[in-house]
Structures are given as structure tokens and as C-alpha cells.
Amino acid sequence: MTEHQTTHQAEEDARNETIRIWLNGRIVPKAEAVVSVYDSGFMLGDGIWEGLRLYNGTWAFIDEHLDRLFEAAKAIDLDIGMTRQEVFQAVIDTQIANEMTSDAHARLMVTRGVKSRPFQHPSLSKQGPTVTIIMEHSRPQIGRPIRLATVPHLRGMPMTQDPKLNSHSKLNCILACIAAEKAGADEGLMLDVNGFVNTTNACNFFIVRKGAVWTSTGDYCMNGITRQKVIDLCRENQIPVFERNYSLVDTYGADEAFLTGTFGAQTPVGEVDGRTIGDGQLGPVTKTIQGLYKALIQREMA
């Protein structure tokens with residue numbers, strides 16, 4: 001069996017040892033970017049985040065990412081304490097401080113901030129939010145198509161924890177990842193509450209059958225920006241695309257499968273539960289979509 005890899009595997013880059021990080025209005029060396037043990041995010045996972053990708057001086061789809069960030073903040077009743085323009089400027093300032101021009105990834109995180117006592121109630125977070133931006137030099141390095149294993153952890157109902165929310169509370173997905181790794185796979189394929197195929201623990205999931213692209217209904221999956229771009233690109237380029245319920249039977253018999261996410265864009269899947277998907281390699285429809293997405297990024301940079 002070939003060695004384990006992750007969907008966020010990147011080339012080693014020594015520059016990441018000396019990155020500077022944005023923390024509550026200051027840009028500080030990595031070693032000084034620390035938060036209190038009383039912070040809501042550390043203590044309770046009470047926060048939201050965005051992943052951003054830099055291509056040739058442009059943060060791709062930044063408006064959609066900021067829309068999602070502020071919508072999530074409203075959903076959890078968290079005042080970020082900054083305007084959209086101020087958040088965007090913080091990203092730019094961090095980029096400049098790190099002299100980054102392309103192939104960079106940012107994780108923008110907002111928590112409810114430092115608590116006065118170590119308990120759950122949000123009113124104990126009196127000092128205002130903690131906002132930080134971790135920015136790394138990051139070029140994806142996926143050595144082979146991803147292997148998935150179906151896990152027992154579900155993408156749940158919106159009244160428990162809405163799967164659309166990019167929250168810091170990721171334990172369900174982490175347990176799914178652990179289960180997959182113990183099964184010899186790279187990532188966990190998660191079903192929804194009705195038993196239909198949904199997402200992996202970190203990415204959205206697509207299959208290709210007879211030239212048509214299938215993905216979940218969207219009812220239980222992450223509110224993926226790259227996912228939506230792929231759906232839009234298929235519609236614009238006469239590639240049949242369906243948001244629908246489908247099962248593991250449909251998945252095992254697919255001609256191709258791939259993952260979407262801000263980091264890896266479209267990453268091919270070669271195996272699910274020990275079944276080879278297609279010929280186990282990057283398929284022609286996935287390759288076409290990768291090309292369309294690269295062209296979309298070029299237009300975004302222009």
C-alpha cells in the first residue's frame with residue numbers, strides 16, 4: 001500500500017518558518033502569534049474561518065469569501081468588529097508583510113474572544129473578538145489520486161450544527177478523518193442523514209457517470225465556493241451537471257471522481273472503499289474541468 005497523504009499536502013517551503021501573522025491589528029512573527037488559554041476558540045471551538053488562495057497577486061473570489069465570513073458571523077451572533085474593507089486590508093497587509101505574490105494560502109479566523117471565566121456562555125466573552133490571519137507559502141503537491149473510505153460519521157441536520165457553517169468546531173470531521181486513516185485511506189467519505197453520499201471530511205465530492213457530473217443536493221454539505229464554481233463552469237460549458245441524491249452504488253460504479261476545495265481546486269479520487277474508480281487516474285471530464293477552472297482564475301486575475 002502506498003503511503004498516506006492528505007488533500008492539503010504542499011511542498012516543503014523553508015520561508016514558512018519566518019512568516020508573519022496578523023493578530024488583532026498587529027503583524028507579528030510566528031513565535032509571537034499566540035492567544036490566551038481563555039480564548040473562546042481554544043476553549044470551545046467558538047469561531048468561524050475562511051480559507052483563501054493567492055494566484056499571481058489576486059486573492060481568488062475574495063468577495064464570495066467575505067460574504068460567507070460575514071454571513072457565518074451573523075449566524076453565530078458574532079460581531080467581527082471590522083468592516084469588510086478592513087478585513088480585506090488586513091489580508092493585503094499580511095500578504096505585503098510576507099512578500100507573497102502567488103501560491104499562498106491564508107486561513108482567516110475569528111473567535112468570540114477571551115472569556116472572563118472558563119465556561120460556555122457567550123456573555124463571558126467580554127473583550128471582543130480574536131481575529132487572526134495565518135498566511136503560508138503553499139503549492140499543492142498531491143502525488144497520486146486520493147483514496148477515500150466511507151465513515152460512520154454523518155453530515156448532520158442543520159438544527160444540530162449546520163454543515164454549511166465554516167465553524168471552528170470541526171471534531172465531527174476530524175473523527176471522520178481518523179476513521180478513514182485507520183481504514184488505510186486519505187480522507188473520509190461522509191454520508192448524509194438519509195444515507196446518500198455527501199462530502200469528505202474536508203472537501204466537497206463529485207462523481208462523473210457517462211460524461212455527466214453529479215454532486216450532492218447541497219442540503220448537508222459545506223457551502224463550498226469552489227464547489228459552486230465547478231457547477232457554474234459545467235453549466236456554462238454544456239457539461240451536464242446534477243445536484244442530486246446518489247448512493248455508494250452510484251459512486252463505486254462512477255467513471256471518475258474528484259474533490260473540490262480552495263486549496264486543491266479539483267483533486268482526482270482514484271479509490272473509494274477499496275473499489276477503483278474508473279481506471280484509478282485523473283479522468284478526462286475532471287481534466288477538462290481543471291482547465292476551465294484555471295481559465296476562470298486567469299480571468300479573475302485580469
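Please treat every number below as a calculation from the coordinates, not as lab data. As the structure is a computational prediction, the values presented were derived from the model and not from experiment. For neighbour counting, all protein chains shown are included, and Cβ atoms are generated from backbone atoms with ideal geometry for every residue, glycine included.
With +1 on the Cβ of every Lys and Arg and -1 on the Cβ of every Asp and Glu, and nothing else charged, how large is the dipole of region 98-137 about its Cα centre, in debye rounded to the nearest 20?
520 debye
Quote to one decimal, in nm, the extra length available between Gln161 and Ser116 on full extension: 0.36 nm per residue of separation minus the C-alpha distance between them.
Contour length minus the Cα-Cα distance gives 13.7 nm.
Amide H of Asn204: which non-local residues (sequence gap of 5 or more, or other chain) have their own amide H closer than 5 Å, using H built in the peptide plane?
Hits under the 5 Å cutoff: Thr260.
Calculate the translational D of region 146-301 in whole µm² s⁻¹ from Stokes-Einstein, where the hydrodynamic radius comes from the Kirkwood formula applied to all Cα pairs, the temperature is 37 °C and the viscosity 0.692 mPa s.
212 µm²/s
Using θ = phi - 60° and the Karplus form 6.51 cos²θ - 1.76 cosθ + 1.60, what ³J(HN,Hα) does each residue of region 154-168 get, whole Hz, x for Gly and Pro?
9, 7, x, 6, x, 7, 8, 9, 4, x, 6, 7, 7, 9, 6
At a Förster distance of 30 Å, what's the computed FRET efficiency of Arg244 paired with Thr18, Cβ-Cβ distance as r, to 0.05?
For R0 = 30 Å, the calculated efficiency reads 0.05.
Using the Karplus curve 6.51 cos²θ - 1.76 cosθ + 1.60 with θ = phi - 60°, what ³J(HN,Hα) values do you get for each residue of region 38-44, in whole Hz, with x for Gly and Pro?
Per-residue couplings from phi come out as 8, 5, 4, x, 5, 6, 10 Hz.
Which ³J(HN,Hα) values in Hz, rounded to whole numbers, follow from the phi angles of region 251-263 under the Karplus curve 6.51 cos²θ - 1.76 cosθ + 1.60, where θ = phi - 60° and Gly and Pro get x?
These are the phi-based 3J(HN,Hα) values: 5, 4, x, 5, 7, 8, 8, 8, 10, 10, x, 4, 5 Hz.
For an R0 of 35 angstrom, estimate the FRET efficiency from the Cβ-Cβ distance between Ala75 and Ile174 and round to the nearest 0.05.
Given R0 = 35 Å and the Cβ-Cβ separation, E is 0.95.
For Glu271, enumerate residues with amide H under 5 Å from its amide H, sequence gap 5+ or separate chain, H modeled in the peptide plane.
Residues meeting the criterion, in which the H sits 1.01 Å from N, are Leu148, Ile277.
Compare Glu71, Glu181, Glu136 in a GNM of the chain, Cα atoms joined below 10 Å, and give the one with the largest fluctuation.
Largest GNM mean-square fluctuation: Glu71.
Could you tell me what fraction of 2.2 N^0.38 Å the Cα radius of gyration of region 14-137 comes to, as a two-decimal ratio?
Normalised Cα radius of gyration, region 14-137: 1.06.
Amide H of Gly113: which non-local residues (sequence gap of 5 or more, or other chain) have their own amide H closer than 5 Å, using H built in the peptide plane?
Ser40, Gly41, Thr130
Quick check: the distance between the Cα centres of region 187-233 and region 124-151, to the nearest angstrom?
Value for the Cα centre distance between the two parts: 19 Å.
Among Lys74/Lys115; Lys74/Lys126; Lys182/Lys294; Lys182/Lys229; Lys74/Lys170; Lys126/Lys229, which pairs are too far apart, with a Cα-Cα distance over 29 Å?
Pairs exceeding 29 Å: Lys182/Lys294; Lys182/Lys229; Lys126/Lys229.
Within the chain, what percent of beta bridges assigned by DSSP are antiparallel, to the nearest 5?
80 percent
At q = 0.19, 0.34 Å⁻¹, work out log10 I(q)/I(0) for region 221-267 with the Debye formula, treating every Cα as an identical point scatterer and leaving solvent out; two decimals please.
Log-scaled intensity ratios, in q order: -0.74, -1.19.
Could you give the length gained on full extension between Glu3 and Glu99, defined as 0.36 nm per residue of separation minus the Cα-Cα distance, in nm?
31.2 nm
In nm, what is the difference between 0.36 nm times the number of residues separating Arg139 and Lys182 and their Cα-Cα distance?
12.8 nm
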